[in-house]
Amino acid sequence: MDRRNFLALSAAGFVGAGAAPGFGWTQELAPLADAPPPIGRAEREARIAKAQKLMRELGFVALLVEPGSSLIYFTGVRWSRSERLTCALIPADGEVCIVTPYFEEPSVRESLGVNAEVRTWQEHEDATAIVAGWLKDRKLGSAAVGIEETNRYFIVDGLKKNLPTATLKNGAPVVRGCRMIKTAPEIALMQRASDITIAAYKATIPKIEAGMRPQDIGAMMNRATAALGGEPEFELILLGEASAYPHGSGKPQAVKPGEVVLMDCGCTFRGYQSDISRTFVFGEATARQRKVWNEMKRGQELAFAAAKLGATCHSVDASARDYYVSLGYGPDYKLPGLSHRTGHGIGMDGHEPVNLVRGEMTKLAPGMCFSDEPGIYIPGEFGIRLEDCFHMTETGPKWFSQPSVSIERPV
């Protein structure tokens with residue numbers, strides 16, 4: 001699910017931690033046993049080495065990364081973006097450099113997980129001039145410097161002014177070349193995040209009662225997730241007609257017998273995320289609800305079957321979409337039908353490159369991780385979305401979470 005839309009609905013009071021009736025049952029839950037270890041120094045050093053190899057192949061002399069998941073990925077530094085620049089400079093050869101405000105250095109060093117030079121700047125100074133100075137000192141000021149694709153424009157603008165001889169390029173080929181292929185330690189952390197979310201669903205769904213609001217259900221899910229050892233990341237709860245709109249509605253909602261409940265929830269475990277959706281009916285499902293659920297479920301199965309090594313992301317999306325069109329839905333993104341892509345990449349971020357979407361010709365390879373979440377949405381009535389994530393192995397796709405069996409058995 002899209003976190004930006006979740007946050008908008010949360011601000012409006014339709015998702016998030018509300019006052020659910022009673023949380024005593026969560027005392028029976030405990031963190032799952034045998035937790036996989038966090039990412040360590042050796043893993044990050046291997047990431048940097050891979051990035052450096054890619055940079056040399058692509059003709060980059062350095063890569064600039066500001067705070068966010070990519071900075072954590074390469075250096076371990078957990079920091080927030082602000083007008084005061086903190087960033088990492090990863091050279092194609094040699095030691096990493098961290099640039100940060102002078103007064104922030106002790107705090108930044110607390111999470112620094114690799115060997116690195118640290119250069120600081122004072123409040124009256126231009127931070128991008130410090131970056132430019134480091135590049136000049138290493139005689140890298142007249143070559144191609146990669147900029148991580150989410151970095152803000154003021155960094156690019158400042159470097160252009162302070163280092164006009166450099167060529168600034170999109171660093172996505174380097175960063176994606178590393179982050180899109182997950183290692184075994186990363187897969188283990190993602191598996192644990194998914195296990196926690198499934199366990200939280202199993203604990204929460206039986207506690208749902210008539211009259212509950214989305215925020216009541218979301219609060220229960222969050223409490224269960226935390227008790228099981230995860231950090232709640234999002235909980236989008238759509239009831240009745242609201243389920244026909246992929247990211248919900250601002251209209252008041254409450255659980256009613258015979259109506260659809262769509263839950264889209266995820267957590268973070270040691271920096272890696274889960275994203276799982278379950279749709280069911282509170283009470284007895286109608287023949288129409290069951291029919292649409294089964295049709296939607298078949299689309300998810302077809303997408304998973306199409307996720308073969310060497311297949312394109314485009315072809316996975318097409319497998320589900322073409323099936324729905326054959327049933328009379330759509331065509332394309334028209335409603336009733338599937339109005340969004342079939343899936344997205346996932347890892348440290350809930351949404352990462354690349355997507356299972358039309359026109360995306362990236363080929364699936366071992367280590368890639370995706371959500372598989374087609375949906376069928378019928379405006380004015382209800383929507384069905386089932387979402388499970390999978391990772392590509394040497395023999396094909398493997399689920400992180402086992403998909404729903406039936407509308408009566410969501411987990």
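Could you give each residue of the range 275-292 its phi-based ³J(HN,Hα) in whole Hz, using Karplus coefficients 6.51, -1.76, 1.60 with θ = phi - 60°, and x for Gly or Pro?
Here the 3J(HN,Hα) series is 7, 9, 10, 9, 10, 8, 10, 7, x, 8, 6, 7, 4, 5, 4, 5, 4, 5 Hz.
Taking the DSSP beta bridges in the chain as the whole, what percent of them are antiparallel, to the nearest 5?
75
Classify the range 91-140 from the C-alpha gyration tensor, please: rounded if a/c falls under 1.5, else prolate or oblate depending on whether a/b exceeds b/c.
oblate
Provide the gained length on full extension for the span residue 231 to residue 103, in nm with one decimal, where the gain is 0.36 nm per separating residue minus the Cα-Cα distance.
43.1 nm
Counting only heavy atoms of protein chains, what accessible area per residue, in Å², does the chain have with a probe of 1.4 Å? Could you put the intermediate results ahead of the total?
Details: 16820 Å² over 411 residues.
Computed with neighbouring chains in place, this is 41 Å² per residue.
Calculate for the chain the 222 nm mean residue ellipticity that helices alone would give, adding -39,500 (n - 2.57) per DSSP H run of length 4 or more and normalising by residue count, nearest 500 deg cm²/dmol.
Computed ellipticity for the chain at 222 nm equals -10500 deg cm²/dmol.
Rounded to whole Hz and in sequence order, give me ³J(HN,Hα) for the range 138-154 from the Karplus expression 6.51 cos²θ - 1.76 cosθ + 1.60, θ = phi - 60°, writing x for Gly and Pro.
Residue by residue, the range 138-154 yields 9, 6, 10, x, 10, 9, 7, 10, x, 10, 3, 5, 9, 4, 7, 5, 4 Hz.
Taking amide H positions as placed in the peptide plane 1.01 Å from N, state which residues far from residue 281 in sequence (5 or more) or on other chains have amide H under 5 Å from it.
Result for residue 281 returns 261.
Suppose R0 equals 22 Å; then what is the FRET efficiency for residue 125 and residue 160 from their Cβ-Cβ distance, rounded to the nearest 0.05? Write out the running numbers ahead of the final one.
Values: r = 18 Å, r/R0 = 0.80.
For residue 125 and residue 160, the calculated efficiency is 0.80.
Given R₀ = 51 Å, FRET efficiency for residue 27-residue 363 by Cβ-Cβ distance, to 0.05?
Here the calculated transfer efficiency is 0.60.
Classify the range 169-270 as rounded, prolate or oblate, taking a ≥ b ≥ c as the square roots of the eigenvalues of its Cα gyration tensor: rounded when a/c is under 1.5, otherwise prolate if a/b is larger than b/c and oblate if not.
Since a/c reaches 1.5 but b/c is at least a/b, the shape of the range 169-270 is classed as oblate.
In 10 Å bins starting at zero, report the fraction of Cα pairs in the range 106-194 per bin as a rounded %.
Percent of Cα pairs in each bin: 14, 32, 35, 15, 5.
Assuming R0 = 51 Å, what is the FRET efficiency of residue 56 and residue 399, from their Cβ-Cβ distance, to the nearest 0.05?
0.90
Could you tell me what percent of the accessible area of the chain is made up of carbon and sulfur, with a 1.4 Å probe and every protein chain present?
The value for the chain is 53 percent carbon and sulfur by accessible area.
What distance in nm separates the two pseudo spin-label positions at residue 168 and residue 332, each 7 Å out from Cα along the beta-carbon direction?
3.6
Taking only C-alpha pairs under 8 Å that are 6+ residues apart, what is the relative contact order of the range 326-411 in percent?
For the range 326-411, the relative contact order is 22 percent.
Just check the range 254-344 against the gyration tensor rule for me: Cα atoms, a ≥ b ≥ c as the square roots of the eigenvalues, rounded for a/c under 1.5, and otherwise prolate or oblate depending on whether a/b exceeds b/c.
Values: a/c = 2.27, a/b = 1.15, b/c = 1.98.
It comes out oblate by the Cα gyration axes.
Between residue 136 and residue 301, what is the label-to-label distance in nm when each label sits 7 Å out along the Cα-to-Cβ direction?
My value for the distance between the label points is 6.6 nm.
With charges set only on the Cβ (+1 for Lys and Arg, -1 for Asp and Glu), what does the dipole of the chain come to about its Cα centre, in debye to the nearest 20? Write down the numbers at each step before the final one.
Values: 46 positive and 48 negative charges, 123 e Å.
For the chain, the charge dipole is close to 580 debye.
Measure off 7 Å from each Cα along the Cα-to-Cβ vector at residue 111 and residue 183, then give the distance between these two points in nanometres to one decimal.
About 1.9 nm separates the two model spin labels.
Using alpha carbons only, how many angstrom separate the centre of the range 332-409 from the centre of the range 242-271?
Between the Cα centres of the range 332-409 and the range 242-271 lies a distance of 17 Å.
Using the Cα centre as the reference, give the magnitude of the dipole from point charges on the C-beta atoms of the range 212-277 (Lys, Arg: +1; Asp, Glu: -1; all else neutral), rounded to the nearest 20 debye.
On the way: 5 positive and 8 negative charges, 30 e Å.
Its charge dipole is roughly 140 debye.
I'd like the Karplus ³J(HN,Hα) series for the range 118-132: coefficients 6.51, -1.76, 1.60, θ = phi - 60°, whole numbers in Hz, and an x wherever there's a Gly or Pro.
Going residue by residue, I get 10, 10, 10, 9, 8, 4, 8, 8, 8, 4, 5, 5, 5, 4, 4 Hz, with x marking Gly and Pro.
So what's the convex hull volume per residue for the Cα atoms of the range 234-305, in Å³?
Values: hull volume 7.9 nm³, N = 72.
Spread over its residues, the Cα hull of the range 234-305 gives 110 Å³ apiece.
Output needed for the range 275-411: three equivalent-ellipsoid semi-axes, defined as square roots of 5 times the C-alpha gyration tensor eigenvalues, in descending order, whole Å.
25, 17, 12
Per the Kirkwood formula on distinct C-alpha pairs, the Rh of the chain is how many angstrom? Kindly include the intermediate steps, with their values, before the conclusion.
Details: mean 1/r = 0.0440 Å⁻¹.
About 22.7 Å for the chain.
In percent, how large is the relative contact order of the chain, given Cα pairs closer than 8 Å and 6 or more residues apart?
15 percent.
Check residue 355: other-chain or 5+ apart residues with amide H under 5 Å from its amide H, H built from backbone geometry?
Correct list: 345.
The values are calculated or read from the model by the stated rules, or taken from the named source; none is laboratory data. Quick caveat: nothing in here was measured; it's all calculated off a predicted structure. Because the Cβ atoms are built from the backbone with ideal geometry, glycine has one as well, and the counts that use them run over all protein chains shown. Remember, those area values only see protein heavy atoms, side chains included, never the ligands or the DNA or RNA. Shrake-Rupley method; radii C 1.70, N 1.55, O 1.52, S 1.80 Å.
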